[in-house]
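The values are calculated or read from the model by the stated rules, or taken from the named source; none is laboratory data. Just so we're clear, the structure is a prediction, and the values are computed from it rather than from any experiment. Methodologically, a virtual Cβ is constructed for each residue, glycine included, from the backbone with ideal geometry; neighbour enumeration extends over all protein chains shown.
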Amino acid sequence: AAVEQAGVKFMMAHQMRHDPANMKMKEIVESGALGRISHMRRRHSIPVLLNEGFINGPTRWHFDPAKNMGMFMDDASHATDFIHWMMGRPVSVMAEIQNTVTDFSPDDTGMAIYRFASGAMVSLLNSSVTLAGENTCEIYGDQGVLIQNHDDSPSTTPPLPPGATLLKMRTRQQPEWRDLGLPIPESHGARIAGVPKPFIECLQHDTEPPVTAHDGRVAVEMVLNAYQSAREGRRVLFA
């Protein structure tokens, strides 16, 4: 509301919407090639709470509850925006968020299950204590499956395993796995390099930003409801 009243351009810097692999996944889902979506799994991780420099340096505000609530709030908000972008706004969530291997941050790991009006479910794993990884997202439909690898910080850190692929797909019509040919990002930074351009273009052409303040609000709502679910030990409905 404040943005609308001020009449200014405002865009959330949610980099996952500008990641080439994620954009391709959204295109495929919207094309109907996977059919009706049953469930999606997203792993969104960083290794920062295992990094002494991060823990003891000027970045330690990240795990100060007065400044940042917790690491699930810090980082999962990017993944919840991705989920909202791909699937719409959820109707409920169940979650567990806590420390698993550290004791200086409000939380280092969180898992949430979001349910949608369509009946689809999405599981989100967000961890700040992941040294390495490979698989980052899976989308399962009744006509096809889409698998994404090497698309977060731990999974883009070299060396990569032999034969690594970024995005592959299998459908009823084409029942063999197909590499969709997208190059694996050279680094985590390469994944998020596309964020500034859309905002600059909306300023140049006086168009609406692709990621609005409302989108940001939904992403935060999804995180806060997950925290509430974990705190109260119950399913939380979205109002």
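Going by what's in this entry, would ARG217 be described as free of Cβ contacts under 8 Å to residues at least 24 places away in the same chain, farther than 20 Å from SER127 by Cβ and within 16 Å of the chain's Cα centre (by Cα)? Answer is yes for this residue.
Listed here are the residues, each with its yes/no results for (1) over 15 Å from the mean Cα position of the chain (by Cα); (2) in contact (Cβ under 8 Å) with a residue 24 or more places away in the chain.
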{"position": "MET11", "(1), (2)": "yes, yes"}
{"position": "GLN15", "(1), (2)": "no, yes"}
{"position": "ASP19", "(1), (2)": "no, yes"}
{"position": "SER31", "(1), (2)": "yes, no"}
{"position": "MET40", "(1), (2)": "no, yes"}
{"position": "SER45", "(1), (2)": "no, yes"}
{"position": "LEU49", "(1), (2)": "yes, yes"}
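Looking across the stretch 94-122, just one residue is in contact (Cβ under 8 Å) with a residue 40 or more places away in the chain, in contact with a helix residue (DSSP H, G or I) (Cβ under 6 Å, 6 or more places away or on another chain) and either among the aromatic types (Phe, Trp, Tyr) or more than 27 Å from LEU50 (Cβ to Cβ) (or both), and that is MET94.
When the stretch 97-143 is filtered for residues that are more than 17 Å from the chain's Cα centre (by Cα), surrounded by fewer than 18 Cβ atoms within 10 Å (Cβ to Cβ) and charged (D, E, K, R), the ones remaining, listed by number, are ASP103, ASP142. Report yes if ASP64 is under 24 Å from GLN15 (Cβ atoms) and modelled with pLDDT under 95, otherwise no. When the stated conditions are applied, ASP64 passes them. Just give me the residues in the stretch 180-200 being out of contact with any His (no Cβ under 6 Å at 6 or more places or on another chain) and among the small types (Gly, Ala, Ser), in sequence order. Selection gives GLY181, SER187, GLY189, ALA190, ALA193. Annotation note: of ARG36, ARG17, the sole residue that is surrounded by fewer than 21 Cβ atoms within 10 Å (Cβ to Cβ), in contact with an Asp or Glu (Cβ under 8 Å, 6 or more places away or on another chain), at negative phi and not polar (S, T, N, Q) is ARG36. Selection over the stretch 181-237 of residues that are in contact with a strand residue (DSSP E or B) (Cβ under 7 Å, 6 or more places away or on another chain) and either among the polar types (S, T, N, Q) or assigned to a strand (DSSP E or B) (or both) gives a count of 5.
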